[in-house]
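Structure first, then comments.
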């Protein structure tokens, strides 16, 4: 560690005012913070007593994503790693450009966005589309709103939505048929056998053909990391236990989706099937719970979750779209600030009347 | 807006052609108070017809024609129009010009007319045309009003053309129907043809426009 510290101390003058690489000060600081805890203390109140700062918080999310990521690697092969690297590079470039122009630090939030985004893409998507998508997501979904903490929409979902609308054929045809351990060393290209997702089959009326166990373990076609419900439950459970993800949001999304499914389905098996299908689990645990874009109040989180759960089921069963988690979360994101606003006002009025 | 010390326009008997206000009016309408980028008027048509450059150009031409024509007539009638029914008179004048252009398209460019659909007819309700008639032509002499209509029309048409150019280029790989980006390596970005793409394109163009224009001088003072 001492050697790394020395390297950083040696490089520091280059990035300070007057140094040759001043423009890239943000990069230096981000790397410095990545290797060492930031030494700066908050100069004035509020001082948080929680040992979790933003970076540790984001690290927890990455730990929570790990099981789903490993399952995705097992099922999709090493191409996913390439997609993640491309996503980090392209999105990071946009992030660095904005940090340099605004003369601010790079935020750790991108560590999560850059990882989640390739995880919700079809496994055989061309790499340049990953780059275009993440650049658009970071630019429009986050930086135009003012950067981390000010974005209305989840950048990873903005990016995915952009790709789904811009390149519908590549997105719907890029799903990789599930593979076994042999996949670990196999590069899945565009020419790979593309598989129809269970929900896609359901649209054609043959939905019960996919066994429930396969749905639960993830031996189905789908976006890279969304298929294995088991892995998502392990990682998501970890996030719930560490309270990084709020249980109200997750419970509201899954609960309302279950209620909706009970109305449409004949048997309990079908209900569980619906819950395991598509991106519902992944969306509920990792994307709807994003602290920035979800509602802030406790009751607001429940309402926000219910909106997402209900809309997902409505889109799946009553529209031409195969899956609606993406649109549902975007709709929830739009509603979240309004829900909070209304709840604050109601609360405030009640306090006024009482006091 | 109107400086009273300046000599009046030749069309109303004063000295000098528009009293030197022509250039200022032209710059105001097309740049400083650009109807699309600064006043945010006429957004609806700007989003709807800009999926191809050709459509954008025709729409821009239509708006220039209607705006110049209606401004001229409203300005000529400005002393005869009773204040209480001025809006109705303005709409009647505007509608006349719109119908003339619409019929012209239908007679000679049927395909284009079909592509633009209802949007030519909807120029009647376009805030830019109505706004210029109401805010400018009613108070100013005919020649100056025509220049104002021309300036606003150009301000609208140029931005429409820019948006149309990029949407068609990125969305279909073509410009005016000619393939610029070949099939071999370019996958058309279908979002740019769809309505959401129009919002993004318009937003980015407006941002760049306002970056070059700089802040409003009136805002600067405050």
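Couple of notes before you dig in:
- Selected residue (criterion: surrounded by the most Cβ atoms within 10 Å (Cβ to Cβ)) from residues of region B:185-196 that are closer than 23 Å to residue B:58 by Cα and more than 8 Å from chain A (Cβ to nearest Cβ): B:193
- Residue in region A:50-58 that is at pLDDT 80 or above and assigned by TED's automatic domain parsing to the domain that holds residue A:239 present: no
- Candidates in region A:147-184 are the residues that are loosely packed, with under 15 Cβ neighbours inside 10 Å and more than 14 Å from chain B (Cβ to nearest Cβ); of these, the one that is modelled with the highest pLDDT is A:150.
- Taken over region B:125-139, the criterion of being at pLDDT below 90 and either touching a strand residue (DSSP E or B) at 6+ places or on another chain (Cβ under 9 Å) or buried (at least 18 other Cβ atoms within 10 Å of the Cβ) (or both) is satisfied by B:126 alone.
Here's the yes/no breakdown for (1) in contact with a helix residue (DSSP H, G or I) (Cβ under 8 Å, 6 or more places away or on another chain); (2) surrounded by fewer than 23 Cβ atoms within 10 Å (Cβ to Cβ):
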| residue | (1), (2) |
| --- | --- |
| A:217 | yes, yes |
| A:227 | yes, no |
| A:230 | yes, yes |
| A:236 | yes, no |
| A:243 | no, yes |
| A:247 | yes, yes |
| A:254 | yes, yes |
| A:269 | yes, yes |
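- Residue within region B:168-184 that is buried (at least 24 other Cβ atoms within 10 Å of the Cβ), assigned to a helix (DSSP H, G or I) and touching a residue at least 24 places away in the same chain (Cβ under 8 Å) present: yes
- Listed here are the helices (runs of 4 or more DSSP H) enclosed by region B:69-156 that have at least 1 residues being free of Cβ contacts under 8 Å to residues at least 24 places away in the same chain: B:86-108, B:110-116.
- Residue A:114 being touching a strand residue (DSSP E or B) at 6+ places or on another chain (Cβ under 6 Å), away from chain B (no Cβ under 12 Å) and within 12 Å of residue A:84 (Cα to Cα): no
- Among the candidates B:131, B:203, B:164, B:177, residue that is touching a helix residue (DSSP H, G or I) at 6+ places or on another chain (Cβ under 9 Å), over 22 Å from residue B:68 (Cβ atoms) and more than 14 Å from every other protein chain (Cβ to nearest Cβ): B:177
- Yes/no for residue A:303 being surrounded by fewer than 24 Cβ atoms within 10 Å (Cβ to Cβ) and either closer than 23 Å to residue A:159 by Cα or not assigned by TED's automatic domain parsing to the domain that holds residue A:161 (or both): no
- Residues located in region A:73-123, provided they are assigned to a helix (DSSP H, G or I), under 16 Å from the mean Cα position of the chain (by Cα) and closer than 25 Å to residue A:197 by Cα: A:80, A:83, A:84, A:87, A:113, A:114, A:115, A:116, A:117, A:118, A:119
- Residues satisfying the stated conditions in region A:162-171, i.e. part of a helix (DSSP H, G or I) and touching a helix residue (DSSP H, G or I) at 6+ places or on another chain (Cβ under 8 Å): A:162, A:163, A:164, A:165, A:166, A:168, A:170, A:171
- Tally, over region A:320-335, of residues that are in a helix (DSSP H, G or I) and without any contact (Cβ under 8 Å) to a residue 60 or more places away in the chain: 5
- Among the residues of region B:197-212, those that are free of Cβ contacts under 8 Å to residues at least 40 places away in the same chain and farther than 16 Å from residue B:164 by Cβ comprise B:207, B:211, B:212.
The values are calculated or read from the model by the stated rules, or taken from the named source; none is laboratory data. Source: prediction; values computed, not measured. Note: ideal-geometry Cβ built from the backbone for every residue, glycine included; neighbour counts use all protein chains shown.
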